[in-house]
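Data block below; observations after.
The values are calculated or read from the model by the stated rules, or taken from the named source; none is laboratory data. Predicted, not measured: the structure shown is a model, and the values here were computed from it. When we count neighbours, we look across all protein chains shown, and the Cβ atoms used for this are built from the backbone with ideal geometry, even at glycine. SASA here: full protein model, heavy atoms, side chains in, ligands and nucleic acids out. Shrake-Rupley method; radii C 1.70, N 1.55, O 1.52, S 1.80 Å.
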Amino acid sequence: MLRSILAILAGVVAAFALMFVLQLIGLRLFPLPPGSVLDNEVDLARLVAQSSPGQKTWVVLEWALASFAGGWVAARLGRDYRRGSALVVGVVITVGVLMNASVLPQPLWMSALGLLLPVPLAWCGWRLATRPR
């Protein structure tokens with residue numbers, strides 16, 4: 001059981017680390033407008049509302065890839081509850097998307113994909129991690 005908990009933690013850490021790296025890449029692909037200030041939620045909400053469809057798609061891609069990779073890590077490191085460990089990572093990403101959507105304005109398609117993709121992609125990570133070699 002302890003190994004499963006640690007596997008879940010490692011999967012969540014891996015998912016968030018990948019999201020951080022992808023956000024840095026996204027800032028290179030889609031630089032912030034000159035003079036952007038992100039001191040509070042109002043400024044961030046304004047920036048999100050003004051972002052391009054490409055930027056919003058990039059964020060959904062971050063969530064999706066993080067769910068897949070985090071699920072894969074959790075399944076690889078887990079022993080007894082590999083599928084469940086991977087799915088918990090997907091649920092954690094989904095909760096993060098819900099929290100993000102409650103604070104920042106985003107289009108319905110972005111929220112829908114953010115809620116529908118993480119758990120199935122974490123499941124795909126489990127499938128890949130546990131397939132016979």
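Once neighbouring chains are kept in place and the probe is 1.4 Å, which whole percent of the accessible area of the chain is contributed by carbon and sulfur? Could you put the intermediate results ahead of the total?
Working: 5670 of 8010 Å².
Accessible surface attributable to carbon and sulfur in the chain totals 71 percent.
Counting heavy atoms of the protein chains only and a 1.4 Å probe, report the per residue accessible area for the chain as a whole number of Å².
Values: 8010 Å² over 133 residues.
I get 60 Å² per residue for this part.
Count neighbours as other Cβ atoms within 10 Å of each site's Cβ, and list the trypsin sites (Lys or Arg not before Pro) in the range 54-105 that are DSSP loop with at most 12 such neighbours. Each step should come with its number before you reach the end.
Details: sites: LYS56, ARG76, ARG79, ARG82, ARG83; in loops: ARG79.
Sites meeting the loop and neighbour criteria: ARG79.
Please determine, in degrees from 0 to 90 and to the nearest 10, the orientation of helix 41-50 with respect to the longest principal axis defined by the Cα atoms of the chain, where the helix direction is its Cα long axis.
Helix 41-50 sits at roughly 80 degrees to that axis.
What number does the range 1-108 give for Rg over Rh if you use C-alpha atoms and the Kirkwood radius? Intermediate results must be reported in sequence, preceding the final value.
Working: Rg = 15.8 Å, Rh = 14.9 Å.
On the Cα set of the range 1-108, Rg over Rh gives 1.06.
Does the range 59-113 come out rounded, prolate or oblate by the C-alpha gyration tensor, with a ≥ b ≥ c the root eigenvalues, rounded set by a/c under 1.5 and, if not, prolate when a/b is larger than b/c and oblate if not?
prolate
Students sometimes get this wrong: rank MET110, MET1, MET99 by accessible area, probe 1.4 Å, all chains present, largest first. Could the numbers behind the result be given before it?
On the way: MET110 10, MET1 145, MET99 115 Å².
The most accessible residue leads, giving MET1, MET99, MET110.
Relative to the longest principal axis of the C-alpha atoms of the chain, give the angle of the C-alpha long axis of helix 53-77, reported between 0 and 90° and rounded to the nearest 10°.
20 degrees
Determine the sum of side-chain charges near GLY71: Lys and Arg each +1, Asp and Glu each -1, restricted to other residues whose C-beta is under 12 angstrom from that of GLY71. Mind dumping the intermediate values first?
On the way: positive: ARG76, ARG82, ARG83, ARG127; negative: none.
Residues close to GLY71 contribute a combined charge of +4.
With springs connecting C-alpha atoms under 10 Å apart, model the chain as a Gaussian network and identify which of ALA101, ALA64, ALA15 has the largest mean-square fluctuation.
ALA101
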